[in-house]
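J.: Please read through the structure below; I'll follow up with questions.
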């Protein structure tokens, strides 16, 4: 095959043919970004917990307590799977993990309500998952508030018209609006940032492995002893361009295909996605190239990059509220493109923010891209000098 | 027998010497787990996040709404960093990521309240930030209920009712919630107990297949085989024993930091958790070994499989999103992961203080994952004799 004249194209073609021939790299740059998002989206596709089994200990056994239990059972969140005669029996069911919560209605429940006193209902939640507590609490508190309004009006405040009844039960109305994720689903919250994290991690793994491969082939050097590999800029840009272009495709696959298939929020326009992906992928690519300079064996990249994924997700402030991340860890997080990229993507794609709204994040991404680019160039300059030294010696 | 022991010892020594030659290996083994221990305990120092930034849009701006906003300002989770009259401005701040929620009092609220026309005030949470939104929403529900009740209470007081009677009428049914084992809903406690051991287990899986695979890569597998006199079990034990010891110590250190220094709840006592930690180390090594046997001599494949599955095990452990809510295939799949079983044992033992007999299946599963690769060790023997490193 005829080789192109410009060194940058030469490097580009070299890198491309190299990685196409290497199935180890292909796993990370093709299979991982294509398949992993689907897998993750499928895990969370059910969005939320429905009909969580709980058990009821009804010591009161009055018509009102039965009404309470029926209403709880009717909620979407929980279902009354068992009715127990005492707490010991209910606790046994909890220990065996057959139910995940106990609703206890005390013996004097109905009596106290008739007397016009407060009656306390106990809710005991299993904490294997935080969501268990949340759905149980929501289900029971909703039922209690609804019954409270009813009791208040019917038994304590004499009203004459239905409108007055409404007013007495609810003097101020409150409206809760869940913005950008109206169902409060888990997939809609977690999958978009995870998609962006997969992009960064796959880039790191792919570039790292390709770097390890070069080092193994060229006896510890990352560039071949060739006359085309003399220009730092050509090498860095040529190599970066291969991965950058492949991952640009992957990024749009995630932002368009995966997003559409799983019904995730999709508010961004093409131009906004492009305006975000260019700095994000550039920063990720150059960061990957820089960190890869520490890799000497192709398998080392897996050791170095894989386990970073989970901590990076937490540092980004998408899962754990960013406002509660201590200052020191915010600084640590800020050197990774994912910290900025995850937030920017969630805002552009999930909340319909414009690029201008994400000015800070985009700026940070451009700066990171620049800094990592310079560091990578320095590293390659050093490597070229080493390569030249070696050829002279030989 | 004695010879086998001596051979095991020789291989262990050889392995220890090899550690010293691989700096990246040492970094991953020591610094990564300890670094994450430091990071996660630091990240979640304060337990439950409090004082999350929110905006207040008071379009009415009367003394009544100001009183309401003062009540709202006392909420635990909410910190009104922005006060404005324009909803658009607040929404833009939300899109810039400055706030997680907007509380809106529309124009005419006071008038409607005074003339008994049931005003509507609204609360918007940004549910793309799930945890923050959930916390703010919970606060808001409580306050909205209270604010409504406060109005009725004042009316009833004026009519001369006693406080007991008032409470009995405006809030007849009270729900007392008891999150078992973690009464303050301290996120840090459970999350750290999942993530830090989980990351250690991921590191164990990766380094197990790395340590084995490097023999093929350096073409030393035959030498190893000779050293062990052809006994595959001697090779496995000898190679993995140093890691078992090291990781068990790190796991115990994590246990001590969690339960002794940070005083996380531990109902079963620290020694018991150390035992489960040891079991988790064995199971993770078993998992790594099993995947290596699935792709013998193809270190890269084994490691890729370890990393893809190992990262997924955090989702399938089921803390943030419960396993019971996932589709059935994923519920089955979750059972192959050591972290899932370790987490359930942790909940059973340390968090709830139940007897271990209720979690016997999880203990059995961890043991099973540790033992299973021994049954397939013939694949390793075969690989040593017939397979070369494949890049």
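What follows draws every value from the coordinates through simple rules; no lab data is involved. A quick note: this is a predicted structure, and the numbers were derived from the prediction, not measured. So basically every Cβ, Gly included, is an ideal-geometry build from the backbone, and we count neighbours across all protein chains shown.
J.: Only Cα pairs within less than 10 Å get springs; with that Gaussian network setup on chain B, which residue of B:365, B:302, B:93 has the largest fluctuation?
T.: Evaluated over chain B, the most mobile residue of the options is B:93.
J.: Between residue B:245 and residue A:359, how many nm apart are label points set 7 Å from Cα along the C-beta direction?
T.: 6.0
J.: 7 Å from Cα along Cα→Cβ at both residue A:382 and residue A:50: what's the point-to-point distance in nm?
T.: The answer from the label model is 5.7 nm.
J.: When Cβ neighbours within 10 Å are restricted to other protein chains, what is their mean count per residue of peptide A:304-314? Walk me through the numbers on the way to the answer.
T.: Numbers: counts 4, 1, 12, 14, 3, 6, 10, 8, 0, 2, 7.
Mean partner-chain Cβ count within 10 Å for A:304-314: 6.
J.: I'd like the distance separating the alpha-carbon centroids of region B:14-88 and region B:264-333, in whole Å.
T.: Spelled out, the Cα-based centre of one part sits 27 Å from the other.
J.: Quick check on chain B: of the DSSP beta bridges with both residues there, what percent are antiparallel, nearest 5%?
T.: Details: 4 of 15 bridges.
Bridges in chain B are about 25 percent antiparallel.
J.: Within 10 Å of each Cβ in A:289-298, how many Cβ atoms from other chains are there, averaged over the peptide? All intermediate terms of the calculation are to be shown ahead of the outcome.
T.: Numbers: counts 0, 0, 0, 0, 0, 3, 1, 3, 7, 4.
Averaged over the peptide's residues, the number is 2.
J.: Say a paramagnetic label sat at a point 7 Å from the Cα of residue A:334, along Cα to Cβ; which residues of region A:358-376 have their backbone N under 13 Å from it?
T.: Residues A:360-361, A:363-365, A:367-368 fall inside that zone.
J.: On average, how many beta carbons from a partner chain sit within 10 Å of the beta carbon of a residue in B:192-201?
T.: Working: counts 0, 0, 0, 4, 0, 0, 2, 5, 1, 0.
Other-chain Cβ atoms within 10 Å of each residue's Cβ, averaged: 1.
J.: Okay, next question. What FRET efficiency comes out for the pair residue A:253/residue B:61, r = Cβ-Cβ distance, R0 = 56 Å, nearest 0.05? Could the numbers behind the result be given before it?
T.: On the way: r = 49 Å, r/R0 = 0.88.
For R0 = 56 Å, the calculated efficiency reads 0.70.
J.: What FRET efficiency comes out for residue B:382 versus residue B:10 if R0 is 22 angstrom and r is the Cβ-Cβ distance? Round to the nearest 0.05.
T.: On the way: r = 23 Å, r/R0 = 1.05.
Result of the calculation: an efficiency of 0.45.
J.: I'd like the distance separating the alpha-carbon centroids of region A:1-65 and region B:335-364, in whole Å.
T.: 28
J.: From the helices alone, meaning DSSP H stretches of at least four residues, give me the mean residue ellipticity at 222 nm for chain A, per-run term -39500 (n - 2.57), in deg cm²/dmol to the nearest 500.
T.: Details: 16 runs with 228 residues, N = 394.
Calculated at 222 nm, the ellipticity per residue is -18500 deg cm²/dmol.
J.: Taking Rh as the Kirkwood radius, which is the inverse of the mean 1/r over Cα pairs, what is the Rg/Rh value for the protein assembly as shown?
T.: Numbers: Rg = 29.9 Å, Rh = 29.0 Å.
Reported Rg/Rh (Cα atoms, Kirkwood Rh): 1.03.
J.: Write down the Å³ per residue value for the convex hull defined by the alpha carbon atoms of chain B. Provide the component values of the computation, followed by the final result.
T.: Values: hull volume 72.5 nm³, N = 391.
Each residue corresponds to 185 Å³ of Cα convex hull volume.
J.: Taking the mean number of other Cβ atoms within 10 Å as a proxy for protection, how do you rank B:332-340, A:312-320 from highest to lowest?
T.: Numbers: B:332-340: 20.7, A:312-320: 22.3.
Packing order, densest peptide first, comes out as A:312-320, B:332-340.
J.: How big is the equivalent ellipsoid of region A:274-339 along its three axes, where each semi-axis is √(5λ) from the Cα gyration tensor, reported in whole Å from largest to smallest?
T.: Details: eigenvalues 106, 54, 20 Å².
Working from the Cα gyration tensor, I get semi-axes of 23, 16, 10 Å.
J.: Using a 10 Å cut-off around each Cβ, can you sort B:59, A:77, B:355 from fewest to most neighbouring Cβ atoms? Please report the intermediate quantities before stating the final value.
T.: Working: B:59 15, A:77 21, B:355 11.
By the 10 Å Cβ count, ascending, the order reads B:355, B:59, A:77.
J.: Would you mind pulling out the separation of the Cα centroids of region B:132-207 and region A:326-394, in Å?
T.: Spelled out, the Cα-based centre of one part sits 41 Å from the other.
J.: Would you calculate the separation in nanometres between label points at residue B:86 and residue A:150, each defined as 7 Å from the Cα along the Cα-to-beta-carbon direction?
T.: About 4.6 nm separates the two model spin labels.
J.: Quickly estimate the mean residue ellipticity at 222 nm for chain B, helices only: each DSSP H run with n ≥ 4 gives -39500 (n - 2.57), and the total goes over all residues, rounded to 500. List each step's numbers first, then the result.
T.: Values: 17 runs with 244 residues, N = 391.
When only DSSP H runs of four or more count, the value is -20000 deg cm²/dmol.
J.: Would you mind getting me the FRET efficiency between residue B:154 and residue B:267? Use the beta-carbon distance for r and R0 = 41 Å, nearest 0.05.
T.: Working: r = 45 Å, r/R0 = 1.11.
It comes out at approximately 0.35.
J.: On to the next question. For region B:1-92, what is the convex hull volume of its Cα atoms per residue in Å³? It would help to have the intermediate numbers written out before the result.
T.: Details: hull volume 14.5 nm³, N = 92.
So the per-residue hull volume is 158 Å³.
J.: Sorted by packing (mean other beta-carbon atoms within 10 Å per residue), highest first, where do B:254-262, B:342-350 land?
T.: Working: B:254-262: 17.0, B:342-350: 25.3.
The peptides rank, most packed first, as B:342-350, B:254-262.
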